[in-house]
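Asker: The structure follows.
Coordinate-derived values only; no laboratory data. For clarity, every value in this text was computed on a predicted model and none was experimentally measured. With ideal geometry, Cβ positions are generated from the backbone for all residues, glycine too; neighbour counts draw on all protein chains shown.
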Number of protein chains: 2
Amino acid sequence: MGHRQLNSAQELWVRSMSNDPLVIFTPSGKRGHFPVGTPVLTAARQLGVDLDSVCGGRGICSKCQITPSYGEFPKHGVTVAEDALSPWNAVEQRYDDKRGLKAGRRLGCQATVQGDIVIDVPAESQVHKQVVRKRAEARDIVMNPSTRLYYVEVAEPDMHDPSGDLERLVTALQNDWDLPALEADLSVLRSMQSALRKGGWKVTVAVHLGDAVFSPRIIHIWPGFYEGTIYGLAVDLGSTTIAGHLCDLQTGEVVASSGIMNPQIRFGEDLMSRVSYGMMNPTGSDEMTRAVREGMNALFVQIATEAGIDRSLIMDAVFVCNPVMHHLFLGIDAYELGQAPFALATSEAISLRANELDLNLHSAARVYILPCIAGHVGADAAAVALSEAPDKSDDLVLIVDVGTNAEIILGNTEKVLACSSPTGPAFEGAQISSGQRAAPGAIEHVQIDPVTKLPRFQVIGSELWSDEEGFEAAIAQTGVTGICGSGIIEVIAEMRLAGIVDGPGLIGSAEQTGSPNCFQDGRTNSYLLYDGTANGGPMITVTNTDIRQIQMAKAALYSGARLLMDKFDVDKVDRVVLAGAFGAHISPKHAMVLGMIPDAPLDKVTSAGNAAGTGARIALLNTQARREIEATVHKIHKVETAIEPRFQEHFVNASAIPNAVEPFPILETVVTLPEVNHNTGGGGEGGRRRRRAR
Amino acid sequence: MGHRQLNSAQELWVRSMSNDPLVIFTPSGKRGHFPVGTPVLTAARQLGVDLDSVCGGRGICSKCQITPSYGEFPKHGVTVAEDALSPWNAVEQRYDDKRGLKAGRRLGCQATVQGDIVIDVPAESQVHKQVVRKRAEARDIVMNPSTRLYYVEVAEPDMHDPSGDLERLVTALQNDWDLPALEADLSVLRSMQSALRKGGWKVTVAVHLGDAVFSPRIIHIWPGFYEGTIYGLAVDLGSTTIAGHLCDLQTGEVVASSGIMNPQIRFGEDLMSRVSYGMMNPTGSDEMTRAVREGMNALFVQIATEAGIDRSLIMDAVFVCNPVMHHLFLGIDAYELGQAPFALATSEAISLRANELDLNLHSAARVYILPCIAGHVGADAAAVALSEAPDKSDDLVLIVDVGTNAEIILGNTEKVLACSSPTGPAFEGAQISSGQRAAPGAIEHVQIDPVTKLPRFQVIGSELWSDEEGFEAAIAQTGVTGICGSGIIEVIAEMRLAGIVDGPGLIGSAEQTGSPNCFQDGRTNSYLLYDGTANGGPMITVTNTDIRQIQMAKAALYSGARLLMDKFDVDKVDRVVLAGAFGAHISPKHAMVLGMIPDAPLDKVTSAGNAAGTGARIALLNTQARREIEATVHKIHKVETAIEPRFQEHFVNASAIPNAVEPFPILETVVTLPEVNHNTGGGGEGGRRRRRAR
């Protein structure tokens, strides 16, 4: 009565009753009895323990490393003897000599069960290993990549029973790896016969496991056992920059990250000017498509060089981007996105071959582009949703991805809403008199003394405040060149806290404010932040026009969020997540003083860093996550701000600092906002009365 | 109680009990009761009657034409009144004015049921219409193409409920046509938005319905109703010629046929010399791949020009070819096919995009290559099997595709065997002293007078025999230039019948044969067929070396067939099918006198014409046939002649004319083979004795 004749449930039952040695795996806790001589890998497979192997137990790949434990285990009710596993064998010795095996480790395919044993499967020996992310609140990435490596030994051709080499290879993969009947890429068909013969009928293949569009197929073949790895790319395709993360598709590790400027910038700084370029020039759309794809290929070269790998080992790539970049990257005219009703060509996720987009990766590499949420809320927002998982949050979370266009998501396990709001480029330092991109020399942090009303600041590249000793020396290289986005938010919020600017957003005169740095500048007042003219540097000021730009930008952001809160029928949110590179540098307190974001406990306002990039990486490393975000995006309720009557009302209210109507009770426990009014038309009291009357 | 709430079985039951008018469709015989006012197309759909429609019943496409019948129908038990259908309406009038409707026809979507009615669905209104083939014995082709046209009206975008244009298009196709959730080709995504708007949200799409490799997808989009058709190509890729048939994918009609020489000829006339070229030259294989693909593209231009259509309307292509051409076309080195064990890279059918093979058809056109049977029995043989269907034959059929390499199939419903045999190029006129390709001026038919032993013949291009009046004038243009393959078979068979050549294949002298046309030619004798030297033409003779070449070729063919008969355990076959262009011109009697084919009633030896090309056309027009031949090929038992000991024995026996050992009893009832022996070594009698002794 061979075990082979039992089904697997019966087999496990028999095993549980057996007098054979007991094998207990940790951390899974799975256990079963196995006959003496059973390889640990075999026991693991039969119990469904996640123990990796590329070579199928032939002692070649070393992926199945395990750590046996010896001694008393009262918890498990076993005592493990020193000889519970077979002795260290020649295969393990050879591997150890060649590459070194960590102390206490054995190869699961070589060590066989001799007695009761407790076996730990270290994280790196698991197929579905977790990739640890830096932030505690973010969920872990479980490895489940699109493409995997398999080693097989293939039957040789037989004239008496003729069959194609591919058919025998596919049969071997079915038998050894339980894979379905695979297709082979044409490139594989071309190289397969020589690989099989060169490898002595032993080969390693890369298999793309398939999705809704592509059937599972062999996309690469190496003679013998391939000792290297394969790679995937997670790309965040922004209007301004393109950032890529090269990941090891076996370990999930990020092996290189790199970025370039989006070459489309020469067709327009912001998205709408690119849409216009496409409308004005018959070949404009195609030119922009060519430019972004060429840029992408340049990035691939750069990142592969940095990692010291061959670009053709990159077999999968995931892209996230806003709708306009999405269309232009795919070669779709973005015309419809420039006008109501802002119809996307498609909002669904897209699976393609990389060469359909002229991308120079592996010849059969796949491309996955996350779904778009709506005409203004793109695959980048979907990636943020994947990374921050509002649909899995018990408390109500507001996620704001701050950029030229802000994507705003509000939700919890009950429902998720999304919209976008046209914040414009002010938060990136554009359209601000002394504004600049975040770069060494840019002012990024500002404090204004409540008594002297004089500023001090930090610039990117130095930890010293401008009034600290050694500051001049520290900035000698870069100088003080301007104010970056987060610096602008801080300086305006500090000006509001110091009473230099009032609620409606007017900068007072030196007399009104008591600050010597206020000065008349045309018909309004400006505030001097830094005077470098003595050293040939700039004079850095905040003008009232700057304030107006930031007021419009933050009002757009806030009113989008507020609109979603209306739709959710709530007055407050439990927490706020600031996504995007810019979001990472914003001071929550200052953002709330400005009224950019709704009132919330400051410790509940966190940064998610480049959440879109993280979402891309999750989708790259875990194909199940792709199905999840596709389902989530279907369920997200899209709100189009342009047609919501209340948006305008919220916008007007939110133009004040922090807001003309809405209270910020939590903020008021942290800071005191002086009740000043610099309106010269009616004086302090009059202005105050007018504001109250609204 | 709306009908809508019933399931379809219930609905049909209710309908059968109803007092509503009875609608009877012919030829299907399907019938049901429908409420007054039901459009005929709706009734047909609900009953599952095969009535075509591209526009979905909007009176645009006219595909749903039907012919109502009036009067008494005792067979059906109904009387059809003159007003059983609604009167001719404006839509029908407009269509008739514009394009003309055949007398008695109505549009099924416009005419509504008013009383009991008998409706005939003409063949051209059926989706799964039968394409009539020329030969009676061949099975019909039922239309079931890979790619179809659908007209839909798509919902406009709505800012309140944003969705991609593609998603609304796909939804419309699901709702109107019961199609699955379709993918869209990238080219469709690029052109869709403008097509939707240009067509006023009405479009026609071409949908590839999917297969094992490709998910169903939209591959083309036209604004509004597309009045044209789409095309497919069936291509027979031979070593010497490439022949293509352009078919209308809606009607199945062949709209143009064209052929070119295979440009690979410059690398070698026969397959083995091409395999050698690939082995001797590092870039040889790639050069040959490039050459055949370029040739293919040239053929496409030629055939599209002939048909007066745009090449980009060709959306599907099916290829059949021998294994070497198969590999070289796919870009696979044919090296392994040149040596034992003759391992194919793959024997399975292949689905690709045309652009993967650098073919210039529609940008998303699909390519299907039939499966190969074995290393020497290719997709062309599979196509022959599809066309001639030995697996569906009750009597035992031997199918022989005569070429440089003969593919031989023997089978019936019980089982099917296949092998190939290296006949060499003699049957194509090569390696024959006066041999030439079949072309005007070539001798194709020969008779030798049994008394005078003088020949007469016909040449290609004239119906007159050479001894008939007007022959000289008729051939003045072409002359008499040589003997083509079928002519060689006839002249040698006639020489054998006239006793000019003996069983072992020796030509007798003028004295031995009594023919003045026999003359000594070196160490053997030759036979003069035509002396054109007086007019500056050639002297056309049959030399003993020519006889030897044909003996080897026909022995290879026969011994392959005989080997399959051994494996089938039979001594005779019920019928013989000669496939291939050459097979179409062979005289069955002469072939049997030569002993090329097994003994069989002459009326059971038929020609299938270009069966490989027909098989390609079947696979093009009916995707179900692709699944059928894939299954059939899996079941075909492959016999490798090279490793069968009996092959050599059969070959030696079959070298004699007709055969040294095997009797041809049926043939002997038709002709008398003189018992002559021209062996000069021992004289007539001696030679005869020796032959008997073997």
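Asker: What does the structure give for B:347-355 when I average, per residue, the other chain Cβ atoms found within 10 Å of the residue Cβ? Working shown, then result.
Answerer: Working: counts 6, 8, 0, 5, 2, 3, 3, 0, 2.
Rounded to a whole number, the mean comes out at 3.
Asker: To the nearest Å, what is the center-to-center distance of the stretch A:167-210 and the stretch A:504-557, using C-alpha atoms only?
Answerer: 68
Asker: Are there any GluC sites (Glu not before Pro) in the stretch A:399-441 that are in a DSSP loop and have at most 15 other Cβ atoms within 10 Å? List them by number.
Answerer: Filter output for the stretch A:399-441: A:E414.
Asker: Let me ask another. How big is the charge dipole of the stretch B:3-125 about its Cα centre, in debye rounded to the nearest 20, if each Lys and Arg gets +1 on its Cβ and each Asp and Glu gets -1 on its Cβ?
Answerer: That gives the stretch B:3-125 a dipole magnitude of about 340 debye.
Asker: Continuing with this model, one more query. Regarding the protein assembly as shown, what's the average projected area of the Cα-atom convex hull, expressed in nm²?
Answerer: Working: hull surface 298.5 nm².
Seen from a random direction, the Cα hull of the protein assembly as shown projects 74.6 nm² on average.
Asker: Roughly how far apart, in whole Å, are the Cα centres of the stretch A:242-312 and the stretch A:585-661?
Answerer: 25
Asker: What trypsin sites (Lys or Arg not before Pro) does the stretch A:518-570 have in DSSP loop regions with at most 11 other beta carbons within 10 Å?
Answerer: A:R523
Asker: Based on other C-beta atoms within 10 Å, arrange A:E336, B:E463 from fewest to most.
Answerer: Details: A:E336 23, B:E463 9.
The most exposed by this proxy come first: B:E463, A:E336.
Asker: Counting only other chains, and only Cβ atoms inside 10 Å, what mean value do you get across the residues of A:163-171?
Answerer: On the way: counts 8, 11, 6, 7, 6, 1, 1, 2, 0.
Partner-chain Cβ atoms within 10 Å, mean over residues of A:163-171: 5.
Asker: With an 8 Å cut-off on Cα pairs and a minimum separation of 6 or more residues, tell me the relative contact order of the stretch A:192-308 in percent. Show your work: numbers first, answer last.
Answerer: Values: 167 pairs, mean separation 19.8, N = 117.
This gives 17 percent for the stretch A:192-308.
Asker: Would you mind working out the magnitude of the charge dipole of chain A relative to its Cα centre, with +1 at each Lys and Arg C-beta and -1 at each Asp and Glu C-beta, to the nearest 20 Debye? Don't jump to the answer; show the numbers that get you there.
Answerer: Values: 60 positive and 81 negative charges, 92 e Å.
Computed charge dipole of chain A: roughly 440 debye.
Asker: Then there's this: Percent relative contact order of chain A, based on C-alpha pairs within less than 8 angstrom and at least six residues apart?
Answerer: Details: 1504 pairs, mean separation 68.4, N = 694.
Value for chain A: 10 percent.
Asker: Go through B:G403, B:V377, B:F329 and say which Cα lies farthest out towards the positive end of the charge dipole of the stretch B:310-412; charges sit on Cβ, +1 for Lys and Arg, -1 for Asp and Glu.
Answerer: B:F329
Asker: Which whole-number percent gives the relative contact order of the stretch B:3-125, counting Cα pairs below 8 Å spaced six or more residues apart? Don't jump to the answer; show the numbers that get you there.
Answerer: Numbers: 220 pairs, mean separation 41.7, N = 123.
Once normalised by length, the contact order is 34 percent.
Asker: Sort A:H634, A:H327, B:H220 so that the residue with the fewest other Cβ atoms within 10 Å of its own Cβ comes first and the one with the most comes last. Write out the running numbers ahead of the final one.
Answerer: Details: A:H634 11, A:H327 29, B:H220 25.
Ascending number of Cβ neighbours within 10 Å: A:H634, B:H220, A:H327.
Asker: Work from the charge dipole of chain B (Cβ charges, +1 for Lys and Arg, -1 for Asp and Glu, about the Cα centre) and give the residue of B:G615, B:Y151, B:I432 farthest towards its positive end.
Answerer: The listed residue farthest towards the positive side: B:Y151.
Asker: Could you give the alpha-carbon Rg of the stretch B:87-236 over 2.2 N^0.38 Å, rounded to two decimals?
Answerer: Details: Rg = 18.8 Å, N = 150, 2.2 N^0.38 = 14.8 Å.
Cα-based Rg divided by the globular estimate yields 1.27.
Asker: Please report, in debye to the nearest 20, how large the charge dipole of the stretch A:432-522 is about its Cα centre when each Lys and Arg carries +1 at its beta carbon and each Asp and Glu carries -1 there.
Answerer: Details: 4 positive and 12 negative charges, 56 e Å.
Its charge dipole is roughly 260 debye.
Asker: Follow-up. Dipole of chain B (Lys/Arg Cβ +1, Asp/Glu Cβ -1, origin at the Cα centre): which of B:F25, B:G595, B:M315 lies farthest to the positive side?
Answerer: Toward the positive end, the furthest listed residue is B:F25.
Asker: Taking other Cβ within 10 Å of each residue's Cβ, how do A:F225, B:F471, A:F329 sort, fewest first? Numbers along the way, then the final one.
Answerer: Numbers: A:F225 16, B:F471 19, A:F329 25.
The order, fewest Cβ neighbours first, is A:F225, B:F471, A:F329.
Asker: Take peptide B:331-344, look around each residue's Cβ out to 10 angstrom, count Cβ atoms belonging to other protein chains, and average those counts. Working shown, then result.
Answerer: Numbers: counts 4, 6, 4, 1, 3, 6, 1, 0, 0, 2, 6, 3, 13, 8.
Counting other chains' Cβ atoms within 10 Å and averaging over B:331-344 gives 4.
Asker: D for the stretch B:464-622, whole µm²/s, Stokes-Einstein with Kirkwood Rh over alpha-carbon pairs at 4 °C and 1.567 mPa s: what number? Let's see the in-between values first.
Answerer: Working: Rh = 17.9 Å.
Translational diffusion coefficient: 72 µm²/s.
Asker: Helix-only estimate, please: 222 nm mean residue ellipticity of the protein assembly as shown, summing -39500 (n - 2.57) across DSSP H runs of length 4 or more and dividing by its residues, to the nearest 500.
Answerer: Values: 40 runs with 424 residues, N = 1388.
Helix contribution divided over all residues of the protein assembly as shown: -9000 deg cm²/dmol.
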